[in-house]
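I have placed the structure first, in the form of structure tokens, so that the comments after it can refer back to it.
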Amino acid sequence: MSGPRYRFAPSPTGFFHVGGARTALWNWALANSQGGTFVLRIEDTDEARNRPEWTQGIIDALAWIGIHSDDPHFEGPYFQSHYAEQHVAAAQRLFEAGHAYYCDMTAADIEARNKAEGTQGYQGWSRDRGLGPGPGHVLRFKVPAGSTVVHDLVRGDVVFDNALIEDFVLLRGNGSPMFLLANVVDDMAMEISHVVRAEEHLPNTPKQQLIWQALGHEPPVWAHVPVLVNEARKKLSKRRDKVALEMYRDEGYLADAMSNYLMTLGWAPKGGVEIQPWQQMQADFRLEDVNHSSAFFDLKKLAAFNGEYIRALSPEEFLEACRPWLFAPDAPFPADRFDEQTFLAMAPVIQPRATTLAEAPGVVDFLFLESPLFTDDALAKASAAPSAIDVLRDTVAAFEALGEWSAETLKTAFEGVAAAHELKPGKAQTPVRVAVTGRTVGPPLFESLQFLGRDETLRRLRVLEGLIG
Ligand code: GLU
């Protein structure tokens, strides 16, 4: 694949951050719409964080939001840990060309020197000492005088005063490469043309650009995308916020809803219509249109997106999407009591109210259980409802007399009962709903009764009558 080369370079952490997912999607959209490539590089040099299942987690999470490793635009995964020799070799070239020098000062030496001289940080003290490699010697980059201008597609030109950038470490005292170096050497080797990544890396960028230039290459096009913040406008944190993409997947957010929502965090599709098919968003997305300010990861809005996507499913698609929850080991009903036709018939009345797929079993469980699961609260509310016992008794009588058993005939019959007790039908419903579903809230009542069937409905109404009578 010719064309621009984008990349996504996560460090494995055991879960996939929603901010990372947004960065990945933007890179993916650009690579696809420009006929380019999306390179996945796992930055796994931190050995404590180097677990194969975490890499698989990244690949699975990407696939879930539509970034498939068998797509022609996808390249990788590459593993940073496999390229340590190249990282060291590049450092060696920088040393030989005079762009880097060795230093044997320990952290304590540096602290003492700063104390003595009233300075801060590392002041290039070993620049002219002519040291070579040796145990405990770090290799430092010789930051040139002047300034470094980072051309950033999101933020414009960002100017850094080199005087404020200390001679940073390229190789540790044990000879292992630092992240800044490894990241650049890999981008160079993988011929990355565009680095689109989180804003938190912007302070690294002048240093990395200096490395690119010292190694004789044009730096890539940079774009630093705004961070995601929570309701309190604080950067999303794994301690405070639900940041793992997998949690949303497990809670029954649809992948399309999730990726659509993530695309709009910091970028607005043309015409202000936020819910859009992927192909359209992919074609329209431009880094130049991305906001500079942080983007609010709004859980309510995400839920609204998910609801829209759930409503757009056919009953059959909805059933397929709900299967993992309907047949989960902790589903409220046994799998062999589940009936597809009943679920499909209920789908059109459940979908308009659903926020996540995980809610589905709890909404329909009464249809597939021998007896509803009464909550104490629901029982208390049913008994406290006005004329509860009389309403239940008269409802049984009215329903028994029905010829046709349908949501409409049930509704009309029930309205008659409510009127006879001078109650609003909505108010009078509570004991009936609790009798049948075990709860005070749930899907539309008369459709529920229609699908539960005559015998079972009447049986349940009598059971509650006995329980609270
Ligand atoms: N591995 C880095 C991270 O996960 C990303 C580095 C980059 O995108 O340049 O934060």
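The values are calculated or read from the model by the stated rules, or taken from the named source; none is laboratory data. Computed from a predicted structure; not experimentally measured. As a convention, Cβ positions derive from the backbone with ideal geometry for all residues, glycine included, and neighbour counts pool all protein chains shown.
Quick notes
- Qualifying residue in the range 334-355 (condition: within 22 Å of the chain's Cα centre (by Cα) and either free of Cβ contacts under 8 Å to residues at least 60 places away in the same chain or farther than 23 Å from residue 435 by Cα (or both)): yes
- All conditions in (1) farther than 25 Å from residue 4 by Cβ; (2) not in a loop (DSSP other than H, G, I, E, B) hold for residue 280, with the sole exception of (1).
- Restricting 234, 142 to residues that are touching an Asp or Glu at 6+ places or on another chain (Cβ under 9 Å), charged (D, E, K, R) and without any contact (Cβ under 8 Å) to a residue 40 or more places away in the chain narrows the list to 234.
- No other residue among 185, 169, 154, 195 is over 23 Å from residue 5 (Cβ atoms), at pLDDT 95 or above and either basic (Lys, Arg) or in contact with a strand residue (DSSP E or B) (Cβ under 9 Å, 6 or more places away or on another chain) (or both) apart from 169.
- Members of the range 220-244 found to be in contact with a helix residue (DSSP H, G or I) (Cβ under 7 Å, 6 or more places away or on another chain) and over 30 Å from residue 189 (Cα atoms), listed by number: 228, 236, 243
- Residue in the range 337-359 that is outside any helix (DSSP H, G or I) and β-branched (Val, Ile, Thr) present: yes
- Residue 112 surrounded by fewer than 11 Cβ atoms within 10 Å (Cβ to Cβ), more than 26 Å from residue 43 (Cα to Cα), out of contact with any strand residue (DSSP E or B) (no Cβ under 7 Å at 6 or more places or on another chain) and of a type outside the set (Phe, Trp, Tyr): no
- Only one entry of 141, 74, 95 meets the criterion of being aromatic (Phe, Trp, Tyr), closer than 23 Å to residue 221 by Cα and out of contact with any helix residue (DSSP H, G or I) (no Cβ under 8 Å at 6 or more places or on another chain), and that entry is 74.
- Strands (runs of 3 or more DSSP E) fully within the range 34-113 counting 1 or more residues that are within 16 Å of the ligand (Cβ to nearest atom): 37-42, 74-79
- Residue count, the range 305-349 (criterion: of a type in the set (A, V, I, L, M, F, W, C), farther than 13 Å from residue 360 by Cβ and surrounded by 16 or more Cβ atoms within 10 Å (Cβ to Cβ)): 1
- Residue in the range 301-309 that is closer than 22 Å to residue 20 by Cβ, among the charged types (D, E, K, R), within 19 Å of the chain's Cα centre (by Cα) and at pLDDT 95 or above present: yes
- Test: residue 249 is modelled with pLDDT of 95 or more, surrounded by fewer than 21 Cβ atoms within 10 Å (Cβ to Cβ), in a loop (DSSP other than H, G, I, E, B) and of a type in the set (Lys, Arg): no
- Unmet criterion (only one of (1) surrounded by 20 or more Cβ atoms within 10 Å (Cβ to Cβ); (2) closer than 19 Å to residue 287 by Cβ) for residue 201: (1)
- Taking the range 60-77 as the range and being closer than 16 Å to residue 6 by Cα and buried (at least 17 other Cβ atoms within 10 Å of the Cβ) as the test, the residues that pass are 62, 67, 73, 74, 75, 76, 77.
- Scan of the range 3-33 for residues that are surrounded by fewer than 19 Cβ atoms within 10 Å (Cβ to Cβ), more than 11 Å from the ligand (Cβ to nearest atom) and free of Cβ contacts under 8 Å to residues at least 60 places away in the same chain, ordered by number: 3, 14
- Test: residue in the range 117-124 that is closer than 23 Å to residue 47 by Cβ and among the polar types (S, T, N, Q): no
- Yes/no for residue 360 being of a type outside the set (S, T, N, Q), closer than 24 Å to residue 309 by Cβ, touching a Leu at 6+ places or on another chain (Cβ under 8 Å) and modelled with pLDDT of 95 or more: yes
- Selected residue [surrounded by fewer than 16 Cβ atoms within 10 Å (Cβ to Cβ) and touching a residue at least 12 places away in the same chain (Cβ under 8 Å)] from 182, 163, 214: 163
- Enumeration of residues in the range 196-242 that are of a type in the set (A, V, I, L, M, F, W, C), away from the ligand (no atom under 14 Å from the Cβ) and more than 26 Å from residue 268 (Cβ to Cβ): 210, 214, 215
- You will find that of 417, 391, 396, the residue that is in contact (Cβ under 8 Å) with a residue 60 or more places away in the chain and surrounded by 13 or more Cβ atoms within 10 Å (Cβ to Cβ) is 396 and no other.
- The range 16-55, residues that are over 17 Å from residue 84 (Cα atoms), modelled with pLDDT under 95 and of a type in the set (S, T, N, Q): 55
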